[in-house]
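Each remark here refers to the structure printed beneath this line.
The values are calculated or read from the model by the stated rules, or taken from the named source; none is laboratory data. Since the model is a prediction, treat every value here as computed from it, not as a measurement. Positions of Cβ are backbone-derived with ideal geometry, glycine not excepted, and every protein chain shown enters the neighbour counts. Each accessible area value is taken on the protein alone, full model and side chains, heavy atoms only, with ligands, DNA and RNA left out. Shrake-Rupley method; radii C 1.70, N 1.55, O 1.52, S 1.80 Å.
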Amino acid sequence: MRRKKIGVMGGTFDPIHLGHLLIAQSVLDELKLDEVLFIPAGVPPHKDHRAITEFSLRWEMLQLAIQDNPAFIASAIEDQEGKRSYTYDTLCQLIRENPLVDYTFIIGEDSLRNIHTWYKVKELIGLVPFAVVDRVIDEASFLSFIKKYNDMGGNFHPVEMPLMEISSTDLRNRVGARRNIRYMVPESVRKYIEERGLYR
Ligand code: ATP
Ligand code: MG
């Protein structure tokens, strides 16, 4: 039986935006994955400084965003009542429960820059291959950063995608300032945010 190749896309997704979807599609195509699994963080360890939107709302926006792509799936594995979710633990659980799947973890360049602060980073780097999508313009520094982690025993693949200057932080600020976010998030997500009055 052929092993399945699944990319894991972790994030707060508050809200999910076209940058996230394009990363997932770029890695899916480049690494010829079968699927990309989106996993919204429950209480993300690195974002304690601000109130995160309730899981169920981020989950619904995610569903709206991925529903037209059969290769995009989602898991609520990190939705655990106030408990911190760590990427290392999540991946261990996925691997344990799905022994016929090869997982690749997908991150943006900015996340790679602070991966040294993540829980059990040494074990994490040895656990699965990583696909890293460039989020900056400085290609040389990006590649040398990836090399540094590969020299440490990691298995990091740079993946190219058109630079997309969209972040959830900027989207929340825009909505708060009553500015338009059309064409930055899927239209269904934009309507959801408007109807629920999120980020006002
Ligand atoms: P926030 O502004 O709240 O930090 P974000 O837009 O960075 O949100 P996250 O949920 O933090 O979104 O990101 C999930 C993953 O997607 C991270 O690995 C991040 O590096 C990556 N990512 C997010 N937006 C982009 C983008 N526009 N280009 C490349 N990578 C991105
Ligand atoms: Mg971020």
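Within the listed set M152, M61, M184, the Gaussian network model of the chain (springs between alpha-carbon atoms below 10 Å) gives the highest mean-square fluctuation for M152. If you run the Gaussian network model on the chain, springs between alpha carbon atoms under 10 Å, then out of L37, L127, L163 the most flexible one is L163. How big is the accessible area of L143 in square angstrom, nearest 10, if you roll a 1.4 angstrom probe over the protein chains? Estimated to the nearest 10 Å², L143 gives 80 Å². Using the charge dipole of the chain (Lys, Arg: +1 at Cβ; Asp, Glu: -1 at Cβ; taken about the Cα centre), state which of I125, Y86, G7 has its Cα farthest towards the positive end. Farthest along the dipole direction, towards plus: Y86. Take region 65-200 with all the other protein chains still there, run a 1.4 Å probe, and you get 57 Å² of accessible area per residue. Counting only residues 5 or more places away or on other chains, whose amide H sits under 5 Å from the amide H of V159 once H atoms are built in the peptide plane? Long-range HN contacts for V159: V132, V133, D134. A helix-only calculation puts the chain at -11500 deg cm²/dmol for mean residue ellipticity at 222 nm, using -39500 (n - 2.57) for each DSSP H run of at least four residues, averaged over all residues. Over all other residues within a Cβ to Cβ distance under 13 Å of R179, the charged ones net out to +4, with Lys and Arg as +1 and Asp and Glu as -1. With kT/(6 pi eta Rh) evaluated at 25 °C and eta = 0.890 mPa s, and Rh the Kirkwood radius from Cα pairs, region 84-156 diffuses with a coefficient of 190 µm²/s according to Stokes-Einstein. Only the Cβ atoms of Lys and Arg (+1) and of Asp and Glu (-1) were treated as charged; on that basis the dipole of the chain about its Cα centre amounts to roughly 340 debye.
With respect to the chain, whose longest principal axis is taken over its alpha-carbon atoms, helix 87-97 is tilted by about 70°.
When only Cα pairs below 8 angstrom with a gap of at least 6 residues are kept, the chain shows a relative contact order of 25 percent. For the residues S56, S85, a 1.4 Å probe over the protein chains yields an accessible-area ranking, largest first, of S56, S85. For the chain, the fraction of 1.4 Å probe accessible surface lying on carbon and sulfur atoms is 51 percent.
Ranking G19, Y199, L57 by Cα position along the charge dipole of the chain, where only Lys, Arg, Asp and Glu carry charges on their C-beta atoms, puts Y199 farthest toward the positive end. Direction-averaged projected area, Cα convex hull, region 1-117: 7.6 nm², rounded to one decimal.
Given region 1-128, what count of lysine pairs have C-alpha atoms under 19 Å apart, with each pair 8 or more places apart or on different chains?
5
Of R50, R2, R182, the order by accessible heavy-atom surface (1.4 Å probe, DNA, RNA and ligands excluded), from most exposed downward, is R2, R182, R50. For the chain, dividing the convex hull volume of the Cα atoms by the residue count gives 124 Å³ per residue. Normalised by 2.2 N^0.38 Å, where N counts its residues, the alpha-carbon radius of gyration of region 104-200 equals 1.35.
For every other residue with a beta carbon closer than 13 angstrom to the beta carbon of P70, add +1 if it is Lys or Arg and -1 if Asp or Glu, then tell me the sum.
-3
Charge dipole (Cα centre; +1 on Lys/Arg Cβ, -1 on Asp/Glu Cβ; no other charges) of region 29-148 amounts to roughly 560 debye.
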